[in-house]
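Worksheet for the structure shown next.
The values are calculated or read from the model by the stated rules, or taken from the named source; none is laboratory data. This is a predicted model, so every value here is computed, not measured. Because the Cβ atoms are built from the backbone with ideal geometry, glycine has one as well, and the counts that use them run over all protein chains shown. When the accessible area is computed, the model is the full protein with side chains, heavy atoms only, and any ligands, DNA or RNA have been set aside. Shrake-Rupley method; radii C 1.70, N 1.55, O 1.52, S 1.80 Å.
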Amino acid sequence: MNQKNNRKFLNRRKKLVEKIRKKGISDESVLQAIESIPRHLFIDSALENRAYEDSALPISCGQTISQPYTVAAQTELLDVSTGDKILEIGTGSGYQAAILCYLGCDVYSVERHEPLYLSARHILRDLGFRPHLKCGDGSLGWSAYAPYDGIVVTAGAPVVPEDLIKQLAVGGTLIVPVGDQKVQTMTQITRVSKEEFEEKQLRQFKFVPLIGKKGWD
Ligand code: SAM
């Protein structure tokens, strides 16, 4: 990552990391990524002073940049290794994609709103990251590059999108919040063999809805 802007707000990022650690995140590589990625660059400069609060913040198109704890929790559950091919559904600001790039993943990310896709592309390039980004309906996944070692959905789905399950490599993990439009249960699905999957329901979160053919109308 380019070092430009990386020192600004470093102390606030360190405090944020301690807060997230106390909430239960223990993966040191994830905490290091949160400390290193300048979240203030992914939001409107008018909100810069709130960038290191542990809260979701508005971005354009009526969407949100996820709460840092949520980004850390989803990343920890994905349990990535350097070189893993990871699909993210819901690029939004590009912050989660930056965290995954920082961790050495080969990142594919899909966003349905073109202005968000364009601004995330700009910010990520400026930071020196090179994820593969696409504007489209991520509820269908991104079959051209499947299978993926991990898939993370950063919007709430009514059911587990079947296309995403199909695009998971054997040994891969899908992290998807599933529920109604008010509250969702974080769901972890691991593909243990071609036909076998293990599913775990974790704690509840609140995401903006996954809108699309295999999401909400
Ligand atoms: N990962 C994002 C970040 O770091 O800023 C979080 C963004 S927000 C919580 C969820 C995003 O999912 C929104 O930008 C929304 O437009 C997007 N989204 C919703 N449905 C989608 C779909 N079917 N395909 C792609 N993106 C979708």
Given the conditions (1) in contact with a helix residue (DSSP H, G or I) (Cβ under 6 Å, 6 or more places away or on another chain); (2) part of a loop (DSSP other than H, G, I, E, B); (3) under 14 Å from L174 (Cα atoms), which single one is not true for V80? (1)
For the list (1) within 18 Å of R125 (Cα to Cα); (2) within 13 Å of the ligand (Cβ to nearest atom); (3) open to solvent by less than 20 Å² (accessible area, probe 1.4 Å); (4) not aliphatic (A, V, I, L, M), I need the number of the one condition that S36 fails. (2)
What is the number of the single condition among (1) touching a Cys at 6+ places or on another chain (Cβ under 9 Å); (2) modelled with pLDDT under 95 that K85 does not meet? (2)
Quick one: K182 ticks every box in (1) farther than 22 Å from V110 by Cα; (2) assigned to a loop (DSSP other than H, G, I, E, B); (3) in contact (Cβ under 8 Å) with a residue 60 or more places away in the chain except a single one, so which number is it? (3)
Exclusive hit being more than 10 Å from the ligand (Cβ to nearest atom) and among the hydroxyl-bearing types (S, T, Y), set S93, S60, S66, S119: S119
Scanning the stretch 100-114 for residues that are in a loop (DSSP other than H, G, I, E, B) and within 8 Å of the ligand (Cβ to nearest atom) gives R112, H113
The number of residues in the stretch 47-95 that are in contact (Cβ under 8 Å) with a residue 24 or more places away in the chain and in contact with an Asp or Glu (Cβ under 7 Å, 6 or more places away or on another chain) is 9
Among residues belonging to the stretch 201-214 that are more than 16 Å from the ligand (Cβ to nearest atom) and touching a helix residue (DSSP H, G or I) at 6+ places or on another chain (Cβ under 9 Å), point out the one that is most open to solvent (accessible area, probe 1.4 Å). R203
Does any residue of the stretch 149-157 turn out to be without any contact (Cβ under 8 Å) to a residue 40 or more places away in the chain and open to solvent by 60 Å² or more (accessible area, probe 1.4 Å)? no
Go through the stretch 70-103 and count every residue that is open to solvent by less than 30 Å² (accessible area, probe 1.4 Å) and either more than 16 Å from G156 (Cβ to Cβ) or polar (S, T, N, Q) (or both). 18
For I165, state whether it is outside any strand (DSSP E or B) and either more than 15 Å from the ligand (Cβ to nearest atom) or within 16 Å of the chain's Cα centre (by Cα) (or both). yes
